[in-house]
1. Take Thr208, project a point 7 Å from its Cα along the Cβ direction, then tell me which residues of the stretch 120-159 have their backbone nitrogen under 18 Å from it.
2. Tell me the angle of helix 110-124 to the major Cα principal axis of the chain, expressed in degrees between 0 and 90 and rounded to the nearest ten.
3. Please compute the Kirkwood hydrodynamic radius over the stretch 27-71, one decimal place, Å, based on all pairs of different Cα atoms.
4. How big is the charge dipole of the chain about its Cα centre, in debye rounded to the nearest 20, if each Lys and Arg gets +1 on its Cβ and each Asp and Glu gets -1 on its Cβ?
5. Under the rule of -39500 (n - 2.57) per DSSP H run of 4 or more residues, summed and divided by the residues of the chain, what mean residue ellipticity at 222 nm is obtained, to the nearest 500 deg cm²/dmol?
6. Between Ser166 and Asp201, what is the spin-label point distance in nm, taking each point 7 Å from the Cα along the Cα→C-beta axis?
7. Counting heavy atoms of the protein chains only and a 1.4 Å probe, report the per residue accessible area for the stretch 62-220 as a whole number of Å².
8. Tell me the label-point distance for the pair Asn86, Asp53, using the 7 Å Cα-to-Cβ offset, in nm and rounded to one decimal.
Amino acid sequence: MSKITVAIDGYSSCGKSTLAKALAQKLNYNYIDTGAMYRAVAIYCLRNDIIKDSLVDYDKLMESLNDIEVYFVYNTVTKTSEVFLNGEHVEKEIRSMQVANNVSSISSIKEVREKMVILQREIGKGKGVIMDGRDIGTHVFPDAELKLFMTADNDVRTQRRLDELSSKGEYHTFDDVKHSLEKRDYDDTTRKENPLSQADDAIVLDNTDISKEEQLEFVLKLIDDLLLTKDEFNKSTVKH
Ligand code: DC
């Protein structure tokens, strides 16, 4: 059976990675969380005094860009590709509030984006990939067979993020988390370089009132239909 590319874009904490992981497991596809790549770069910048209070030392970052190596290694236990920064597993550290509050400034820099997009295209070139982010359907894989644009009510997203953080032992107020999330959405949609926007051919998924299971079922059906059409098309072109 053919394989396709699934591009999932949308606002912060809309459940993009939850959906992407579940799809990848059901379909036996590779899941790539592109936000994790920008977060790993943000860790490097925080550790090396390249960013402070969201202010980036651009010249220092340009000098260091070649020293930042970000890649994924598939973990057979968690069954996901986990992110590494210069040989160090940083999957846990990338989820901290400190990283969340600084990553938008890093991901708005053209040279950082260009470096990450080269890696993303390389990983996804063989198809059979589910990639989530902000510019996957509009820029990284404009020819992806399925593009989803995810959204949900801000309070619902805030609560989900708060639950995720507290499950990891990080406690914050509802208002702090909501503010951080809304600021990130603002930065991501208004930046100059490939801002978050809905691709014309994306399907909008608002999951405020639907369960993860309902959402997964809906998207699996979309993929099933797409694969059927693709295989029918391939058969008919072979015959003629
Ligand atoms: O999805 P996330 O919250 O882990 O993303 C972290 C940040 O990286 C977020 O502010 C948006 C940015 N990002 C981006 O600009 N482009 C992507 N393809 C993925 C994430």
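The values are calculated or read from the model by the stated rules, or taken from the named source; none is laboratory data. Note that the coordinates shown come from a computational prediction; the quantities given were computed from them, not determined experimentally. For neighbour counting, all protein chains shown are included, and Cβ atoms are generated from backbone atoms with ideal geometry for every residue, glycine included. Quick note on the areas: whole protein, heavy atoms, side chains included, nothing else; ligands and nucleic acids left out. Shrake-Rupley method; radii C 1.70, N 1.55, O 1.52, S 1.80 Å.
1. 149-159
2. 30
3. The answer is 11.7 Å.
4. The dipole magnitude comes to about 600 debye.
5. About -16000 deg cm²/dmol.
6. It works out to 4.3 nm between the two label points.
7. Result: 52 Å² of accessible area for each residue.
8. The two pseudo-label positions are separated by 2.6 nm.
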